[in-house]
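*Asks:* Before I ask anything, here is the structure I am working with.
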Amino acid sequence: MEEKNQNIQSGDESAVNHQTQSIYLEHDDLPNATAVLVLGILSIVFCWCYGIIGVVLGVIALVLANKDLKLYKENPKKYTESSYKNLNAGKVTAIIGLSLSGIFLLYIIVVLALYGTLFFSVLESVNGGYPY
């Protein structure tokens, strides 16, 4: 009888192990979570390249993040929590990179406008009128 109980218990354990394995096999990573994280970090790194590259990378990262966030909200049990955390971290870094890039791009535009105004005022004073 003990042998029969041990067989049942070992059968139950294998059934439990099989269920746990199938549960872990059903969890997938979010499709673009790592890409969003990488693009967000790169948008911070490249925000100093006149702001344009950082803006582009930040926008792409935010679009991908919103797509994956929608997928996660539809079926949260299908995806791993670590990929969801990567997605959130990537979204935060993309927002930071987009903000820094936007500020730097705005700074470049203001500086170019000021230097352009200075250049044309110097030409006007030298020629006594507009150069064109």
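Just so you know, all these numbers are worked out from the coordinates, no wet-lab data involved. Keep in mind it's a predicted model, so treat the numbers as computed, not measured. A quick note on method: Cβ atoms are made from the backbone with ideal geometry, for glycine too, and the neighbour counts reach across all protein chains shown.
*Asks:* Label VAL92 and ILE52 with points 7 Å out from Cα along Cα→Cβ: what is the distance between them in nm?
*Replies:* 3.2
*Asks:* Still on this structure, I have one more. Taking the Cα atoms of segment 30-127 alone, what are Rg (to one decimal) and Dmax (as a whole number) in Å?
*Replies:* 19.4, 73
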